[in-house]
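Worksheet for the structure shown next.
What follows draws every value from the coordinates through simple rules; no lab data is involved. Because the structure is predicted, anything quoted here is derived from the model rather than measured. In this analysis, Cβ positions are derived from the backbone assuming ideal geometry, glycine residues included, and neighbour counts consider all displayed protein chains.
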Amino acid sequence: MTASGDLHTELRRAAMLAVQLQQAVAARAGLTVTDAQCAVLLDLDGPKTPGELARAVGVSTGGAITTVIDRLEDAGLARRTPDPGDRRRVRVEPVPGALARLAGFAAPAHRAVAAATPPDLAAALLGWARDLNAALPAAIDEIRAGRGDA
């Protein structure tokens with residue numbers, strides 16, 4: 001197999017393990033994977049409307065996202081606040097510092113990544129990860145729209 005083919009195989013394995021990691025961390029926190037993804041997304045990107053949050057994680061904008069937000073509030077990870085631009089809408093915002101509990105559950109994975117990444121490789125991987133993270137949302141949208149066939 002070529003280096004590109006080997007890389008593809010290893011990235012498939014890494015993606016599968018990342019899903020398992022998300023499931024394990026969410027379960028330790030008493031959340032679903034979708035709840036945990038929303039909490040992380042709010043922490044990374046800041047407040048979102050329920051509709052924006054639903055679209056970002058691929059759930060319905062009705063009852064499904066309301067239930068997720070309810071669980072995030074119950075867990076102390078997020079809160080609803082009035083939208084400053086439209087009093088009829090709410091925004092969901094992260095509770096500052098609350099995500100540290102989830103990060104604590106993931107500490108063994110963080111240590112594993114640090115141990116497997118030589119410092120001289122970290123800078124190159126950072127650029128690659130940023131480029132990959134920038135490209136993947138469009139690929140996900142394409143797959144969701146049914147255009148993911150080869």
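Here are some notes:
- Over the chain: helical MRE at 222 nm, DSSP H runs n ≥ 4 each giving -39500 (n - 2.57), nearest 500: -22000 deg cm²/dmol
- Rel. contact order, % - alpha carbon contacts under 8 angstrom, at least six apart, the chain: 19
- Using Cβ point charges alone (K and R +1, D and E -1), the dipole size of the chain about the Cα centre works out to roughly 360 debye.
- Residue-wise HN-Hα couplings along the range 31-43, as the Karplus relation 6.51 cos²θ - 1.76 cosθ + 1.60 with θ = phi - 60° gives them from phi, are 10, 8, 4, 4, 4, 5, 4, 5, 4, 5, 4, 5, 5 Hz; Gly and Pro carry x.
- Cut-off under 5 Å, modelled amide H: who pairs with residue 90 long-range: 83
- Cα lying deepest toward the dipole's positive end in the range 3-106, options 42, 98, 66, charges on Cβ: 66
- FRET efficiency for the residue 52 to residue 9 pair, using the beta carbon distance and R₀ = 41 Å, is estimated at 0.75.
- Förster radius 41 Å - calculated FRET efficiency between residue 143 and residue 120, Cβ distance, rounded to 0.05: 0.75
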